[in-house]
Each structure stands twice: as C-alpha cells, then as structure tokens.
Amino acid sequence: MRITGTTRVFYILGDPVAQVRAPEVYNQLFQLHGVDAVLVPLKLPAAALPGFLEHGMKAENVGGFWATIPHKSALAALLNPTDPVAAIAGAVNAVKRHPDGRLEAALFDGIGFVKGLGHFGIAVAGRRVLVVGAGGGGHAVAAALAQRGPAALAVYNRSTDRARSLVERLQPIAGASAVVAGSADPAGFDLVVNCTSMGLKPEDPMPFDPARVDAGAAVVDIIMSREPTPLLRACRERGLKAEAGFEMLVQQVPEYLRFFGFDAIGQRLQSNLDLVRSMLYPK
C-alpha cells in the first residue's frame, strides 16, 4: 500500500499483538475505498500505556487506535468513557483523537454482539435472557442486552459477588429486570449466552447443561473459535438455534469505521458484510 506524508495513522495496541487481525482487515478496506490511512500494530506493555496516551497521542496525524488485551480495562479507568456500555463494562476498545487533541473512548463489543443477534434473527426485547459469566465479555454483553429491553436479564457467575456487582452496575439501564441467577441452569430462558472461557480447551466442562435448554430457545457462545464449541455442537444436535460469537467481530467493523470518521464506508459495508466475513474467516 502507498504511504506518504499525508497518510493518517491508526494503531492497534496490545501485548501480545501478533494474533490481531485488524490490520489485515482495515488496511485492505482502506485500499479498496481509496482512503489515505494505515493501521499499524503496536506491542505496548501495560505499564507504558499512560505515557503513550500522554505523549504518543500528541502526533497530529494520528487518528486514534484500536485496543485489545491487556489495555481495555486500563483505558476505561484512564479515559472515563461516557458511553454507558463502556462505563458499565469498565472497558474500552477504541480511542479517537480529535483535532484539538482530546481523546474520546468507546466500546463496541456489546453493540457488535447485539447486531450479531439481529443477523441471526434472535430477538431480545421482551425475552428472558441468561448471561453465564461476569468477566469482561459478560459485562459488555449484559450491558448491551440491558439496553434492548429484555423482560428479565439474569447473570450467573461462579463468584456470586462478581455477578451481584455486575447486576448493580446494570440498574441504571435495566432496573428490576436485572437479577443474580442462583445457578447456570438455562431452563426457563429464551436466550442463553456463554460469556465464560469454558470451551476454549477440549477438556473444559460445559458452562451449563445443554440438555436443560428449553426447546425453542437460542444459545450464543462468545468464544472466538472458527469451529463450533462443544456447547454449540450439543445444542445443535438437539435442533436448537446455537450461534458462534465471532459474528460480533464482523458486526463491529462498521461501528469502528463510523467512530473514526469513515461514515460512508461503514454505511456501505453494513448493507453487506460478506466481504468482512471473508477477510476474518477465509475458507
């Protein structure tokens, strides 16, 4: 790609950073749409983040950055995002530099997840939803779901205190509909979301019993795997609607582009994201 003195520079911050796919996707999109911009990976240790924000973001041709582990929570603490989902989740995965040097933070995990539900034809409003796992992913997913008006939103975590803390943070947008679940039993729910890490390894136990999922209910596993997790396979064997979480990555792409000022490209892609899917998950 052609990089000149006028090229607008973006970063993706992480440690490690070798696994990130964003440069492959966005640089190709910039080229396809004639945008004079580049996305560069930066392996930035956690201790260097405050200094990077103070000094590295002073460069006037830097448009902002994407963020991945271990920086998402630290960025929320340092930048105090106004986005309610980011505030509840205590995490940030995008930071935009305004012309005056001001930094604006946002989180797109949650909106990516609920847009993925729309892609799969899974409704949230008026439904009973169980979120299993109250870690970083669970916070973002629960906050985004709460904004969609479920009839009930229950959160289960092996540490009850952590589940209770998340439910308390959800109160401003979810009110009485958000409760702590006493167990991971999926019976009685219309949508069950696995936000734990169970399923990453072949020997992992199931996050909940797939045999207990109601007929007609839907299951989503946010583990980012190209292959169906054991949970998804077991649910599909029962004829249940069971979908993988990687769609949330696909659905975030137009949101990132709009956030960083590439509205026309974001709008164009949103009408058909097959190109993005082929970039992220080539066959």
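Just so it is clear, none of the values below were taken in a lab; they were calculated from the coordinates. In this text the structure is predicted, and so the values were computed from the model without any measurement. Backbone-built Cβ (ideal geometry, glycine too); neighbour counts: all protein chains shown.
Brief remarks on what is shown
- Computed per residue of the chain from DSSP H runs no shorter than four, each worth -39500 (n - 2.57), the mean residue ellipticity at 222 nm is -11000 deg cm²/dmol.
- Positive dipole terminus of region 203-264, leading residue within Leu249, Gly261, Leu232 (C-beta point charges): Leu232
- Restricting the calculation to Cα atoms, region 1-73 yields a radius of gyration followed by a Dmax of 12.6, 36 Å.
- For region 1-49, the set of trypsin sites (Lys or Arg not before Pro) satisfying both a DSSP loop assignment and a count of at most 13 other C-beta atoms within 10 Å is given as Arg2, Arg21.
- Extreme residue, positive dipole direction of the chain, given options Val167, Thr4, Asn157 (C-beta unit charges): Thr4
- Length gained on full extension, Ala176 to Gln28, computed as 0.36 nm times the residue gap minus the Cα-Cα distance: 48.8 nm.
- P(r) tail for region 190-283: Cα pairs beyond 22 Å make up 40% of the total.
- Across the alpha-carbon atoms of the chain, the computed radius of gyration and Dmax are 19.2, 59 angstrom.
- About the centre of its Cα atoms, region 119-216 shows a dipole size close to 240 debye [charges on the beta carbon of Lys, Arg (+1) and Asp, Glu (-1) only; nearest 20 debye].
- Summarising the amide proton neighbourhood of Gly64: residues at separation of 5 or more, or on other chains, whose placed amide H is nearer than 5 Å comprise Tyr11, Arg97.
- Check: region 76-121 dipole with +1 on Lys, Arg Cβ and -1 on Asp, Glu Cβ, in debye: 80 debye
- Since only Val95, Phe52, Asn27 are under comparison, the one whose Cα sits farthest along the positive direction of the charge dipole of region 24-114, derived from C-beta charges on Lys, Arg, Asp and Glu, is Phe52.
- Dipole magnitude of region 158-259, debye to nearest 20 (Cβ charges: Lys/Arg +1, Asp/Glu -1, about Cα centre): 120 debye
- Residue range of the chain that is longest and free of GluC sites (Glu not before Pro) which are both DSSP loop and sparsely packed (at most 16 other C-beta within 10 Å): 61-202
- Relative contact order of region 21-130, pairs being alpha-carbon contacts under 8 Å that are 6 or more residues apart, as %: 18 percent
- All lysines inside 27 Å of Lys43 as judged from Cα atoms, apart from same-chain residues fewer than 8 positions distant: Lys58, Lys72, Lys96, Lys201
- Cα principal axis extents for region 218-269, largest first, Å: 44, 17, 13
- Counting only residues at least eight positions apart within a chain, or on another chain, the aspartates and glutamates with an alpha carbon under 14 Å from that of Lys115 are Glu243, Glu247, Glu255.
- For Arg102 and Phe52, the difference between the fully extended length at 0.36 nm per residue and the C-alpha to C-alpha distance is 16.6 nm.
- Label-point separation in nm, Ile3 to Ser225, each point 7 Å along Cα→Cβ: 3.6 nm
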